[in-house]
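Take a look at the structure set out below.
The values are calculated or read from the model by the stated rules, or taken from the named source; none is laboratory data. Source: prediction; values computed, not measured. Don't worry about glycine lacking a Cβ; one is built from the backbone with ideal geometry, like all the others, and counts go over all protein chains shown. The protein model used for the area step is the full one, side chains on, heavy atoms only, and it has no ligands, DNA or RNA in it. Shrake-Rupley method; radii C 1.70, N 1.55, O 1.52, S 1.80 Å.
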Amino acid sequence: LQRRIVTACFISTILHLFHSPAHALDLYWVCGSGDWDSGLGTPCWSTIPGGAGTQDYPLDGDSAYLTQAGVTDITVEYHQQVAGSLFNLAIDATGIGTMTLSQVTYGGDLLTEYETVGDLGTGNVVLSNGTHTVTNTLYLGNSVTGNGSYALSGSGSLTTLFEHIGFE
C-alpha cells in the first residue's frame, strides 16, 4: 500500500510538471504611438528594452512594459482581448515625453494581476470604453518621482482589489 501511494504521488508530480504553463515573457513596447496588437504591421513588442520588435502582443501570464525615456508623447491604443491575464502591466515614461495606455476607440477587456501607472516618471491611462480589471494591486504614482493618472469616463469600467495612490 505504501509503495502504491509513493508511486501515485510520483506520477502526479510528473504530470503536473508537464502540464505547467511555459515561462511567461517580459515584453517591452518599442514603437511610437500605435495599436497594442501590432500584428498587422511591424511587431512592437520585444523581449529586450529598446530592442527590435519580435512579438505581436503579450499573452496570458506575460508582463507588459509600456515604457520610454524619450521626448515624444506615446499613446498605445488597447483593443485586443488577451487570452487570460497579464501578470504585470507597467506604464511609465522617464524622459520629457509621456506614456499613455488608451482604451477609448476599441475598448476590449484588459485583465492584469498588478499594474503600475507612473513608477519613476509619467504614466497615464485613459479608459472610456471596455473593461480594465486589476485582480491585485493598482499603483498610481509609485515613487517620489512617479506621476500616474487614470481618466475614467463613458462606458469604461475599472475594477481593482487594492489601489495605492502616491504609494512609495
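Applying the condition of being touching a residue at least 40 places away in the same chain (Cβ under 8 Å) and assigned to a strand (DSSP E or B) to the range 135-159 and asking which residue is surrounded by the fewest Cβ atoms within 10 Å (Cβ to Cβ) yields 135. Taking the range 96-127 as the region of interest, how many residues are open to solvent by 30 Å² or more (accessible area, probe 1.4 Å) and part of a loop (DSSP other than H, G, I, E, B)? Adding up the residues that qualify gives 7. Scanning the range 38-97 for residues that are free of Cβ contacts under 8 Å to residues at least 12 places away in the same chain and not hydrophobic (A, V, I, L, M, F, W, C) turns up 41, 42, 54.
Within the range 148-162, being under 14 Å from residue 106 (Cα atoms) and hydroxyl-bearing (Ser, Thr, Tyr) holds for 155, 157.
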